Structure formats: C-alpha cells, structure tokens
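Below you'll find the structure, written out as structure tokens, and then a few comments.
The values are calculated or read from the model by the stated rules, or taken from the named source; none is laboratory data. In this text, all values refer to a predicted model and were calculated from it rather than measured experimentally. Cβ placement follows ideal geometry from the backbone for every residue including glycine, while neighbour counts extend to all protein chains displayed.
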Amino acid sequence: MYGAKVVLNDVADMYTKAQLEQTPLEAATWTKEESAPYPPAVRLAQAAMFAAGERTGLGLYGLTLLLAAAFLAASAWYFLQTRWYLFPLLYLNVGFFADRFVYVQDGSYLVMLAFVMAALLLARQGRGRTAALLMAVATTMKLLPLYYARYVPRMPRAIAWSYAGILIAGLALPYFLWTDYLGIYTFASERKGNDWLDIAGALILAGALTAVLWYVERRSDFNEEDRIGWSLVPFALFAGLLANSGRHLLIALIVPDRRAGRNLAAAAALGLHSLFPDVVRIGSTVYIAAALLVGVLSYQASRAVPQQSSR
C-alpha cells in the first residue's frame, strides 16, 4: 500500500521514495527499500488498483483478492477443457495458496499471473499473436516469463518488433527515467546474502533444466500453450534457488498445463510439504519440483515424435 501511495503522490519518486513518509505501521512492517521493489509496470498497476480500491471502498486488499479469485476461476475453466482432475489435486494444498493469495497476497505475482492466464486462454483460442504481446507485458511485470523471448525469431515481424519494444519500454527505458531503478535487481540477492558461489550454482542448475527444456521442445509437438506455461519455469527456478524458497517456482507451476506434468510436479512437491512439514521444508520444494520437472521432460522426450519443422 505504501508503494502504491508513493506512485500516486509523485510518479517520479517511485524508487527514491523521498517525497512521502511512511506511517508508523508501515515503517514497522517494511523499510522503504523493502516496500514494493518491483518493475514500473507492476508499480503502476498496483497504484491504479489502490486508487480504484479507494474509490470503490474495496481497498487494495479487496481488489487483489478479486484478482486471485479471477485467476482461480480462469484456471478452473481451463482445466475443465483439458484435465479437470488437476484443479482439485493442485488446490488440495489449500493452506499454501490461502497463505500466498489471501494472507500474504503476493500482489505482484497475481498481476503477472493475470496476464499469463489471459495469454494462455487466447492461445487456446488460436490467437497466438495477441498472446505473445501479453507475455511481453507479463515479463515487464515479473521476470519469470523471460524465457519466452527465445520465441521472438518465430514470431511475425510486426509482433516480434512489438514484443521487443514492450520489453525495452518496460525493463530498459526505466533506467533513464527513475533514479535507483536498478536497485530492484540487486535487492533480493543482497537481502539473502548470496555470494558468487550461490549465484553460479543457481545458474548451473537452472541452466541445466533450461537445456533439457530446449531439447524436449525441439523434439516434441510443443504448441503455443506449452510455450507459455513452460516459459515461466527457467527463471522461476533460478529465483527460487537464489532465495532458497519454493514460492517462486511453485507460483510458476500453477499455470495450467494441458499435458498435466508441470501441475503434477507442483502438487507432489506441495503435497510432501503439507504431509511432512517438519521434514520437507518449503525451501526444499524447489529442489523436489525441479527433479520432478526433469522427469516430466524426460518422459515427454521419450514419447516425442521429432518434428520436421518448428511451429
């Protein structure tokens, strides 16, 4: 809420946060540095939600809760079109999702998930070009869908240029507009105290899974829906390893999978955590889910019929 109020007070002060002081409660909860260290697209979206919430009486919390409900409803609809049993299986872990979507709220992730879900639904309707642009917007909000940029060479020229323009406007241009903008990219690593060995280890593990994903998608019949869902996994794994938290990867894995594999990996990792919370900590779910994902990709590769031309 403080981050949203900063934007509404003076958009040029988005990252310096010098023009608006925190209330005692805000200061006791988060420092200014810890308040909303997100890219401008998320900051602007949450400021708009805060303003709309104040006008409607729902507040930022109420609108974020509605966004979570909309994401769940869209997911349920998609699962009904593909594999209906995944929705109850995935959301049997109600404690985790109630915590993330209702208590903590993860508002920045919910905003990104809304765009990813919209892209997935459009892709299912055969509107891949529009879906690609929504994925570009989602990437400017959170970096999780960054792997999707690898598909730029296969896009029509106008869509490819539009996709690149959205990324430049959302992630590079802010460097010239806002002081301290780059601080959001070092904040999380500094907060966790990662050294170069931590970063190198995360890069190696995430890079290995990315290489497996690259190989499998080149061999099998990945369509636009597959590309959208899997594009969140590489960076989510990297972020999860750096933060020693399963949250980033688990958030990526709840995006519906028409083949079921990604969602089953999330359900299994969360299920083990729910059943044995003192043994399987939430931080270890990132390694469990990653191992399961390698198994999922290996299975898909074993059943794939190599494609003569990429789609």
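Data for the structure
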quantity	calculated
Some residue of the stretch 213-229 being among the polar types (S, T, N, Q) and modelled with pLDDT of 95 or more	no
Single unsatisfied condition, L113 versus (1) at pLDDT 95 or above; (2) surrounded by fewer than 21 Cβ atoms within 10 Å (Cβ to Cβ); (3) under 20 Å from the mean Cα position of the chain (by Cα); (4) not acidic (D, E)	(2)
Test: residue in the stretch 38-57 that is of a type outside the set (D, E), assigned to a loop (DSSP other than H, G, I, E, B) and without any contact (Cβ under 8 Å) to a residue 40 or more places away in the chain	yes
Among residues of the stretch 74-86, those that are surrounded by 19 or more Cβ atoms within 10 Å (Cβ to Cβ) and under 10 Å from N263 (Cβ atoms), counted	3
Count - residues of the stretch 134-160 that are more than 15 Å from A236 (Cα to Cα) and β-branched (V, I, T)	3
Condition broken by L122, with the remaining ones in (1) over 20 Å from the mean Cα position of the chain (by Cα); (2) crowded, with 19+ Cβ neighbours inside 10 Å satisfied	(1)
Complete set of residues in the stretch 9-29 that are of a type outside the set (G, A, S), loosely packed, with under 15 Cβ neighbours inside 10 Å and either within 25 Å of the chain's Cα centre (by Cα) or farther than 17 Å from A51 by Cα (or both)	V11, Q19, E21, T23, P24, L25, T29
Listing of helices (runs of 4 or more DSSP H) fully contained in the stretch 165-248 that carry 3 or more residues being crowded, with 19+ Cβ neighbours inside 10 Å, under 21 Å from the mean Cα position of the chain (by Cα) and of a type outside the set (A, V, I, L, M)	224-230, 233-243
Those residues of the stretch 148-164 which are assigned to a helix (DSSP H, G or I) and over 25 Å from G207 (Cα atoms), in sequence order	R157, A158, I159, W161, S162
Test result for V279, closer than 16 Å to A236 by Cα and of a type in the set (A, V, I, L, M, F, W, C)	no
The stretch 249-299, residues that are of a type in the set (K, R), more than 19 Å from the chain's Cα centre (by Cα) and farther than 25 Å from I204 by Cβ	R259
Cβ pairs under 8 Å, 6+ apart, first in the stretch 274-294 and assigned to a loop (DSSP other than H, G, I, E, B) and loosely packed, with under 13 Cβ neighbours inside 10 Å, second at pLDDT 90 or above and not basic (K, R)	none
Enumeration of residues in the stretch 83-107 that are closer than 13 Å to L264 by Cα and free of Cβ contacts under 8 Å to residues at least 24 places away in the same chain	W84, Y85, F87, P88, Y91
